[in-house]
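So the structure is just underneath, and the comments pick up after that.
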Amino acid sequence: MKKIILGIAPLVLLSQMTFAQSCVALTGCAKKVCELESKLHSVSEVHAVARIQAAINETKANCTDESVAAHDAEHQNKHQMKVDKKIADAQEDLAEAKVKKQKAQAEGRADKVHKYQRKIEEKQQKIQHLQLER
């Protein structure tokens, strides 16, 4: 019995992935409905099925491509603001590490200089990574 269940699980997962991948080519409301239907096929809890089915019905009744585009733009804007905040924070940390490195150099503390140089390099890499997220 366990062998049968274990044999079926990868097939179910594969069919869910294929279903989700088919949504990629869609846009707007069609994509939203497709993604919800994909979720519907992956849940087994009765209440979750009911909630997703209600969301599908609501989407089919009220969705417009303009509302989806506006929602996507708002989501993108929020993401951009979060990334910008992380970049600003990392730049502050970078400036602080540079000041501490200069202080350590003035005091002749080679161990601290090395420590802050590593921090500077880490912060520069973090900033570069975050800038790629934009």
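Quick notes
- Averaging Cα coordinates gives a centre for the range 32-50 and one for the range 53-117; these two points are 32 Å apart.
- Under 17 Å of direct C-alpha separation, and excluding same-chain neighbours fewer than eight residues apart, Lys31 reaches these lysines: Lys39, Lys60.
- Taking Cβ atoms as reference points and 14 Å as the exclusive limit, the residues near Ala48 contribute a net charge of 0, counting Lys and Arg as +1 and Asp and Glu as -1.
- Over the range 66-133, Cα pairs under 8 Å with separation of 6+ residues give a relative contact order of 38 percent.
- Anchor Lys78: aspartates and glutamates whose Cα lies under 18 Å away (excluding residues fewer than 8 positions away in-chain): Asp89, Glu133
- Taking a point 7 Å out from the Cα of Ala69 in the direction of its Cβ, the residues of the range 19-51 whose backbone N falls within less than 13 Å of it are 27-29.
- Anchor Lys126: lysines whose Cα lies under 18 Å away (excluding residues fewer than 8 positions away in-chain): Lys82, Lys85, Lys86, Lys98, Lys115
Any read-out appearing in this document is the output of simple, stated calculations on the displayed coordinates, not a laboratory observation. Because the structure is predicted, anything quoted here is derived from the model rather than measured. Quick reminder, even Gly has a Cβ in these numbers, built from the backbone with ideal geometry, and neighbours come from all protein chains shown.
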